[in-house]
1. Here is a check on your reading of the model: is Leu124 under 23 Å from Phe161 (Cβ atoms), in a helix (DSSP H, G or I) and over 20 Å from the mean Cα position of the chain (by Cα)?
2. Taking Ala195 and the conditions (1) surrounded by 15 or more Cβ atoms within 10 Å (Cβ to Cβ); (2) part of a helix (DSSP H, G or I), which numbered condition does it fall short on, given that it satisfies the others?
3. One residue is enough: does segment 177-184 have a residue meeting the conditions closer than 30 Å to Arg137 by Cβ, hydrophobic (A, V, I, L, M, F, W, C) and surrounded by fewer than 16 Cβ atoms within 10 Å (Cβ to Cβ)?
4. Please tell me if Ser97 is in contact with a Gly (Cβ under 8 Å, 6 or more places away or on another chain), under 27 Å from Val133 (Cα atoms) and of a type in the set (Gly, Ala, Ser).
5. Helices (runs of 4 or more DSSP H) wholly in segment 203-288 with at least 2 residues that are of a type in the set (Phe, Trp, Tyr) and crowded, with 19+ Cβ neighbours inside 10 Å - which ones?
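Bear in mind that the values in this text are calculations on the coordinates, not laboratory data. No experiment lies behind these values; they were computed from the predicted model shown. Here the Cβ is made from the backbone with ideal geometry for all residues, glycine too, and neighbour counts use every protein chain on show.
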Amino acid sequence: MPEPEKPSRLAVWLGIADNSFTRQKTVKFGDASAVNSGRLYSILIVVILFAAWIIASAAGVVKPFYWPPIGAAIDRLQILMTDGFRNVSLWNHIGISVYRVLSGVFYGAVIGIPLGFAMGLSSLARGLFDPIVEFMRPIPPLALIPLIILWFGIGEFAKIFLLFLASLFIMTLAARSGVSNVRVSKVHAAYSLGASRLQILRHVILPNALPEIFTGLRTAMGVCWGTVVAAELVAADQGVGSMIMIAKNFLQTDTVVIGIVIIGIIGYSIELVMRWLERVLVPWRGKV
């Protein structure tokens, strides 16, 4: 019986054919690792949305909804690319927002991951920090903005500290969940082979917790994006959020829409980078 022809790389990349790993599965429904990328459908939906915007602009349907025609948005984008917004280039507005988000998530991960590990491995640490984490976790980061402004003013440190708090508890819970999901049989097997506590932490607990940690990172990125835009709406003269707020005051809906699109594109790009890093650094996710 001849072997079935392998699908092309393009078909696999578009998600209309299974890759070599997925083709080996006999049962796919209910197995998240068997779901392909579906990029073809993502491309189609983007094309459809832009086509609907073009058609609605030509028919004049967008004006009653205070949505700019696509031609006006393109013209405004060209002005922002060349002249900037309020004497600040568009790239500077984007760069400062990205810097704030990445800084907040970085510091949140640096402190939150070890804290989550400690809470998952030590009764003392869990008893000390669990009430604080569980109390702060459901509080929206935006509710902390007035206190942050009172404590630290409206400078750069205040914004990064707010984003740090927004990501800290997410990363703590993700790391703690990752540690709690480690199979105890793996720990016992490592002990039986003479592994030390440090070796168990390095070679057993950390690899098993990494999938949960990456999920926490992706969640923290999304939360911090929403938080930084809101923080810039309140008190900032640079950043995509402040650009949207100032443009709204002058009824520049085309600039507002461009800012919204930029936020979505950057957020989605960060998500794609996180997915790629997860595939590279945690290739065993869903396979063990």
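1. no
2. For Ala195, the failing item is (2).
3. Yes, segment 177-184 contains at least one residue that is closer than 30 Å to Arg137 by Cβ, hydrophobic (A, V, I, L, M, F, W, C) and surrounded by fewer than 16 Cβ atoms within 10 Å (Cβ to Cβ).
4. Criteria met by Ser97.
5. Details: elements: 206-234, 240-249, 253-281.
The qualifying helices (runs of 4 or more DSSP H) are 206-234.
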